[in-house]
Amino acid sequence: MRFFFASFPVFLCIAPFVFAQTFIDVEKEPFVVKTFQAGGRIRHITLEQVTPSPAKEIVVYARKGAFPNWVGEISIYEGDASHRSIKKHSSLRLPDETIYYGFLVYREISQLILVLPHQIQIIPFENHAWNQEKKSVFELQGLTMPWAKSTAVPFQPLLENQQASQVWIPTIQGYQTFYMNEKSITKGEFISLYPKSFYRSSYDLLPFEMSYWFQNIYWYPKIYAGSLDGKNEILFSPWMDEIDIVAKKDQNKLTSHYFKILSEKERDDGVHYLINEPIDLNNDGRTDFLINKFQGTGTSFRSKSVYYLTDEKGKIPAKGKTVPMPKKKIAGALVRDITKNGKQDFVMVSSLMNVWSMIRALTKKQVLLSFDMYLFKDDQTDYDFDHPDVTREILFDFSLQDFFIDGILPTLEGDYNGDGYPDVMYATNPRELTFLIQKPKDKDLFDAVPSGLYQVDIPKKYRVGDCTGDGKSDLVFFSTRANENDQFKVLINKGML
């Protein structure tokens with residue numbers, strides 16, 4: 001999970017902390033590098049559970065031909081038994097009007113789900129191929145036709161924290177559920193959650209102003225499963241500073257909760273926007289909420305993080321708790337269970353935003369980011385923001401071409417030594433990867449010195465996951481830019497980090 005905050009001169013990716021940078025050589029290369037041709041122009045790459053194996057498969061959606069007659073095809077790659085290689089699993093051309101595609105593994109059976117404007121198709125994988133002759137077809141409340149042929153996007157058909165038998169399909173008026181068993185697929189209840197739309201740009205902006213590039217967002221609700229009382233399941237659908245709540249025990253009754261973070265002026269000014277995340281912060285079985293608020297660009301960029309801890313009676317507090325942000329800096333926060341104690345730790349990243357920092361970014365092509373981590377310890381009932389458990393700063397190369405760091409900001413998505421604890425990966429430039437392996441039993445969770453530096457040319461788009469089933473995270477790098485989007489690179493973890 002990562003959040004992206006747009007600002008000039010740097011786009012901040014709110015990602016986990018890093019430490020002071022030290023360059024060290026890796027005597028033995030920790031990865032096997034494999035490069036694959038995509039068979040077209042890459043639009044999407046995801047890591048999915050396509051087969052019953054514990055590993056994640058690499059799903060590539062590539063497009064051939066010329067507009068308006070694009071042809072879209074998915075190709076799937078899987079790890080082999082040696083855990084040192086990747087091979088092609090299967091491929092399939094998708095119908096031109098496909099809107100969403102996703103995968104479902106049920107009782108050792110792999111199935112591909114395609115969402116079209118007026119139907120869904122469920123295609124089983126049999127005899128080493130996707131068997132379209134045995135596909136199941138269900139009529140669907142009409143979705144809007146795609147704007148062009150072969151513009152499908154991936155989606156997750158399973159509701160998080162639900163049993164694998166329940167499938168959720170977005171429609172123009174909400175979600176249609178389906179239930180699967182060993183012999184059939186049956187249509188379930190309909191959840192009325194309407195799509196919403198808003199603008200992040202206005203007609204009076206000039207093309208050279210950063211806000212000009214934010215376009216209209218047409219949104220289908222994302223569903224989170226949780227509970228307010230710690231017993232009964234509730235479905236949450238967040239949007240800006242409100243939450244739609246679906247009570248499953250009460251025949252899917254729909255209510256709304258408003259956090260009242262945006263004023264009426266802010267709601268209509270096209271400058272403010274929010275990221276609203278339902279999540280259990282303190283591991284008490286009740287869903288809490290973290291909301292990040294952003295406004296402005298450049299030196300006027302401001303952010304605010306507010307969290308709400310649901311009380312013992314299942315009530316969401318009327319007023320949230322504000323996370324103290326560094327002054328005179330652009331900053332944002334996310335949460336991640338770093339220590340694996342069931343509680344979410346706060347990670348904040350910030351950058352000084354003044355004239356001198358802009359001059360350094362423009363002249364020296366560098367930007368300095370600060371990282372602070374606040375652990376939610378076992379003996380705590382709330383966060384202690386007085387003193388961060390870790391504070392580090394690091395310089396990243398800065399690209400004048402796209403006003404972004406010329407590398408990869410830190411992420412805790414991967415576990416590179418297979419011990420179950422998240423490790424850090426980042427790149428201060430597009431030629432070297434750096435890793436920090438967590439040491440959960442040490443006083444300092446991460447050494448100040450990186451555990452390794454690996455020299456490899458890397459694009460900025462990547463995916464992290466176990467592609468071979470050995471319990472250690474692998475890396476997939478790709479680009480969706482012209483002249484670079486016809487192949488992707490897989491770094492298979494050899495377990496030497």
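Odds and ends about this structure:
- Other residues lying with their Cβ under 14 Å from the Cβ of PHE446 contribute a combined charge of -4, Lys and Arg counting +1, Asp and Glu -1.
- Annotation: amide H of VAL323 within the under-5 Å range of SER305, VAL306, TYR307, sequence separation 5 or more or interchain, hydrogens built in the peptide plane.
- Close amide H pairs (under 5 Å, H built 1.01 Å from N) link SER451 with PHE435, LEU436, ILE437, residues at least 5 positions away or on another chain.
- Couplings 3J(HN,Hα) for region 338-343, derived from phi with the Karplus relation 6.51 cos²θ - 1.76 cosθ + 1.60 (θ = phi - 60°), are 6, 8, 6, 9, x, 9 Hz, where x marks Gly and Pro.
- Subset of LYS313/LYS343; LYS88/LYS494; LYS321/LYS461; LYS87/LYS187; LYS460/LYS494; LYS293/LYS340 violating a 24 Å alpha-carbon distance limit: LYS321/LYS461; LYS87/LYS187; LYS293/LYS340
- Whichever lysines have a C-alpha closer than 16 Å to that of LYS249, once near sequence neighbours (fewer than 8 apart) are set aside: LYS231
- Taking amide H positions as modeled 1.01 Å from N, with prolines and chain starts lacking one, the residues under 5 Å from PHE103 and 5 or more places away or on another chain are ILE113.
- Between MET496 and ARG302, the simple label model (points 7 Å from Cα in the Cβ direction) yields a spacing of 5.1 nm.
- For region 482-497, Karplus couplings with θ = phi - 60° (6.51, -1.76, 1.60), whole Hz, Gly/Pro x: 4, 6, 10, 9, 9, 8, 9, 10, 10, 9, 8, 5, 8, x, 9, 7
- Near-label residues of region 251-266 by backbone N, under 17 Å of a point 7 Å along Cα→Cβ of ALA318: 257-262
- For LYS87, the solvent-accessible surface computed with a 1.4 Å probe is close to 100 Å², ligands and nucleic acids excluded.
The values are calculated or read from the model by the stated rules, or taken from the named source; none is laboratory data. Fair warning: this is a prediction, and the values are worked out from it, not measured in the lab. Every residue, glycine as well, gets a Cβ built from its backbone with ideal geometry; the counts of neighbours run over all protein chains shown. Ligands, DNA and RNA are excluded from the accessible area calculation, which covers all protein heavy atoms including side chains. Shrake-Rupley method; radii C 1.70, N 1.55, O 1.52, S 1.80 Å.
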